[in-house]
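Let me begin by presenting the structure, written as structure tokens, before commenting on it.
The values are calculated or read from the model by the stated rules, or taken from the named source; none is laboratory data. It should be emphasised that the depicted structure is a prediction, and the values quoted were computed from it without experimental measurement. Every residue, glycine among them, receives a Cβ derived from its backbone with ideal geometry; neighbour counts consider all protein chains shown. The accessibility values were calculated without ligands, DNA or RNA, using every heavy atom of the protein model including side chains. Shrake-Rupley method; radii C 1.70, N 1.55, O 1.52, S 1.80 Å.
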Amino acid sequence: MRSHLTRRLGLTAVLALFLAVFGLAPAASASEPLAPAELTFGTDAATTTPGGTVNLTVTLKNNKSYDIWFVYQTIDPTWLTTQRPDLKYSFTGCSLAGPGGTSTPCTGTGPANLGANYGATVPPGQSRTVTLTLQVAADSGCNGNIGFYSYFYAEFSDSSSTSGGPVYTPETRVLCA
């Protein structure tokens with residue numbers, strides 16, 4: 001009788017060990033899904049001199065299967081940029097990229113709130129790009145970096161929303177001539 005009970009306990013222990021090892025193993029899954037909306041930045045130059053300009057592009061991509069109806073987005077200087085009072089700069093231009101390489105002036109409130117500048121709704125899988133012209137003052141200090149960060153909030157036609165950030169721009173180095 002003892003050997004029958006031992007066999008039964010041994011079989012139960014092996015079965016329990018098998019289930020524990022394979023039952024608790026992480027399931028294979030596809031890569032993580034994309035965020036519903038994605039914000040990316042780029043610049044046409046990594047450096048400039050006092051008096052120079054740099055074009056900063058801001059691209060909002062809709063990764064969801066519904067239209068983006070509304071966007072609120074801010075752009076603010078990074079903490080290190082604010083610590084250099086000798087760096088003088090401003091946004092002097094804003095345009096929305098259109099079809100076929102055309103561009104139209106921004107219609108929103110400017111670079112402080114870029115959301116309205118993306119124009120009409122952003123359909124699923126598409127993106128909108130706004131280009132901001134960063135003008136460095138002729139009397140600006142040099143050997144410092146100018147950088148910005150952004151937060152955004154987007155609402156979709158299915159009544160859902162998403163927010164993201166901070167998203168950082170590439171830094172522009174102001175070089176002495």
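Before moving on, here are some points about what is shown:
- Rounded to the nearest 10 Å², the accessible area of S65 at probe 1.4 Å: 90
- Legend: translational diffusion of the range 50-101 by Stokes-Einstein, Rh = Kirkwood radius over C-alpha pairs, 37 °C, 0.692 mPa s; D = 221 µm²/s.
- For Q83, neighbours were defined as the other residues whose beta-carbon sits under 15 Å from its Cβ, and their charges (Lys and Arg +1, Asp and Glu -1) total -1.
- T121 - accessible surface, heavy atoms, 1.4 Å probe, Å² rounded to 10: 50
- Whole-percent carbon and sulfur share, accessible surface of the range 73-177, 1.4 Å: 54
- Heavy-atom accessible area order for D44, D86, largest first, 1.4 Å probe: D44, D86
- Tail fraction, Cα-Cα pairs, the range 34-141, threshold 16 Å, whole percent: 62
- Using a probe of 1.4 Å, the accessible surface attributed to V136 totals some 0 Å² when neighbouring protein chains are kept in position.
- Computed from label points 7 Å out along Cα-Cβ, the spacing between D86 and D158 is 5.3 nm.
- Residues of the range 39-62 with amide N under 13 Å of a point placed 7 Å along Cα→Cβ from C176: 50
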